[in-house]
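Notes for the one structure printed next.
The values are calculated or read from the model by the stated rules, or taken from the named source; none is laboratory data. In this text, all values refer to a predicted model and were calculated from it rather than measured experimentally. Cβ coordinates were reconstructed from backbone atoms using ideal geometry, including for glycine residues, and neighbour counts include every protein chain displayed.
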Amino acid sequence: MALKVFIDGEAGTTGLQIRDRLTPRPDVALIQLPDDRRKETAARREALNAADIVILCLPDDAARDAVRLIDNRTTRVIDASTAFRIAPDWVYGFPELAPGQRDAVRQAMRVSNPGCYPTGFLALVRPLVVAGLVPADWPVTVNAVSGYTGGGKAMIAEFEDEGGATYSHDAYRIYATHLGHKHVPEMQRHAGLAHPPLFTPAVGRYAQGMIVEVPLQLFALPTRPSLERVREVLAAAYAGERFVSVATAEETANLKALQPEALNGTNALKLFVFGDAAAGQARLVALLDNLGKGASGAAVQSLNLMAGFDEATGL
């Protein structure tokens, strides 16, 4: 029998992409509500409890409310909001994060989808902390730029609705200047850091794709690792992975620029180690689709694991 899946919030950007990935699959049967009933509590409760797996694409408070509507012990949940990303009874849906994480996702009843920025950040930083190259109490900085789809419907309107009241002509802008971005707690928790990283996000005038960058003064780190040592640690952490890869030294040396849209439409995450070996400085960079491995692709990857399907099905 096909797996019964209900996407609560399928009309949003992430929900639509998840739906598009699942609709053609014969192993999945989508439970869908008519447009005029999508917000009815009774209809949603019925759909939530009828599904084998529910994917929540809702704001944080609405996601919490949706979980409370599930009154059986069999419906499993993947939540794409920030609501449960550091909750102790939820599994973090980043299978490549650490040994055992993939099995934890397979067995979980409740999975929290990682944020798009944290996906790139954690892929770069966690292996270095685990290996002792970056101390847990190190003052880590992360800079990133995303396409405007990462900001949801309101930001999409700012960049696309030329006749709208909120339309913006900005080519590029920084935001979250108060340094309280909602992704910071999961960055700190899942990287194993003692202090919150200093996170400086930005948005550009393009729809989709992102670059996440962690600059490191290698000469100041206690172990003074070389660029090649950093690359070796990252390569070892993701050896054999289908979706996460590390650029070789040769590939990195020949690359003069990075395009944030390069992996759009995929579930891929590619890591780069740039830098100046003589100066002992590094620029660690993660490239991904903020709506792919950073959102809808990650949710489908977790669903595949939870359902016992091949992890790459539909991706």
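For the range 183-198, does any single residue satisfy the condition of being surrounded by fewer than 18 Cβ atoms within 10 Å (Cβ to Cβ), in a loop (DSSP other than H, G, I, E, B) and either touching an Asp or Glu at 6+ places or on another chain (Cβ under 6 Å) or at pLDDT below 95 (or both)? Break it down stepwise before answering.
Going through the range 183-198, the residues surrounded by fewer than 18 Cβ atoms within 10 Å (Cβ to Cβ) turn out to be 185, 189, 192, 194-196, 198.
Next, only the ones that are in a loop (DSSP other than H, G, I, E, B) stay: 192, 194-196.
From what's left, either touching an Asp or Glu at 6+ places or on another chain (Cβ under 6 Å) or at pLDDT below 95 (or both): 194.
So far as the range 183-198 goes, yes, one or more of its residues are surrounded by fewer than 18 Cβ atoms within 10 Å (Cβ to Cβ), in a loop (DSSP other than H, G, I, E, B) and either touching an Asp or Glu at 6+ places or on another chain (Cβ under 6 Å) or at pLDDT below 95 (or both).
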Q) Looking only at residues in the range 8-26 that are under 25 Å from the mean Cα position of the chain (by Cα) and surrounded by fewer than 16 Cβ atoms within 10 Å (Cβ to Cβ), which one is farthest from Gln301 (Cα to Cα)? A) Ala11
Q: State which residue pairs qualify: first residue exposed (fewer than 15 other Cβ atoms within 10 Å of the Cβ) and inside the range 265-281, second residue at pLDDT 95 or above and of a type outside the set (Ser, Thr, Tyr) in any location, beta carbons under 6 Å apart, and separation of 6 or more residues or different chains.
A: Ala277/Leu227
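Table: residues versus (1) out of contact with any strand residue (DSSP E or B) (no Cβ under 6 Å at 6 or more places or on another chain); (2) over 25 Å from Gly314 (Cβ atoms).
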{"position": "Asp20", "(1), (2)": "yes, no"}
{"position": "Pro24", "(1), (2)": "yes, no"}
{"position": "Lys39", "(1), (2)": "yes, yes"}
{"position": "Ala43", "(1), (2)": "yes, yes"}
{"position": "Glu46", "(1), (2)": "yes, yes"}
{"position": "Ile53", "(1), (2)": "no, no"}
{"position": "Asp61", "(1), (2)": "yes, yes"}
Q. Between residues in the range 87-102 that are without any contact (Cβ under 8 Å) to a residue 60 or more places away in the chain and residues that are crowded, with 18+ Cβ neighbours inside 10 Å and in a loop (DSSP other than H, G, I, E, B), which pairs lie under 7 Å by C-beta distance while being six or more apart or on different chains?
A. Trp90/Phe84; Val91/Ala108; Gln101/Phe94; Gln101/Pro95
(Q) For the range 207-260: of the residues being of a type outside the set (A, V, I, L, M, F, W, C) and under 18 Å from the mean Cα position of the chain (by Cα), which is farthest from Val273 (Cα to Cα)? (A) Gln208
(Q) I'm trying to understand the selection: among the residues of the range 103-121, which are in contact (Cβ under 8 Å) with a residue 60 or more places away in the chain, among the aliphatic types (A, V, I, L, M) and outside any loop (DSSP other than H, G, I, E, B)? (A) Val105, Val111
Q) Can you find even one residue in the range 96-107 that is within 14 Å of Ala295 (Cα to Cα), buried (at least 17 other Cβ atoms within 10 Å of the Cβ) and modelled with pLDDT of 95 or more? A) no
Q) Do you know which of the residues in the range 127-157 that are among the small types (Gly, Ala, Ser) and more than 19 Å from the chain's Cα centre (by Cα) is surrounded by the fewest Cβ atoms within 10 Å (Cβ to Cβ)? A) Ala154
Q: Restricting attention to the range 128-159, report how many residues are part of a helix (DSSP H, G or I) and in contact (Cβ under 8 Å) with a residue 24 or more places away in the chain.
A: 12
Q: Give the residue, chosen from Thr223, Thr252, Thr248, that is polar (S, T, N, Q), closer than 26 Å to Ala98 by Cβ and touching a residue at least 40 places away in the same chain (Cβ under 8 Å).
A: Thr223
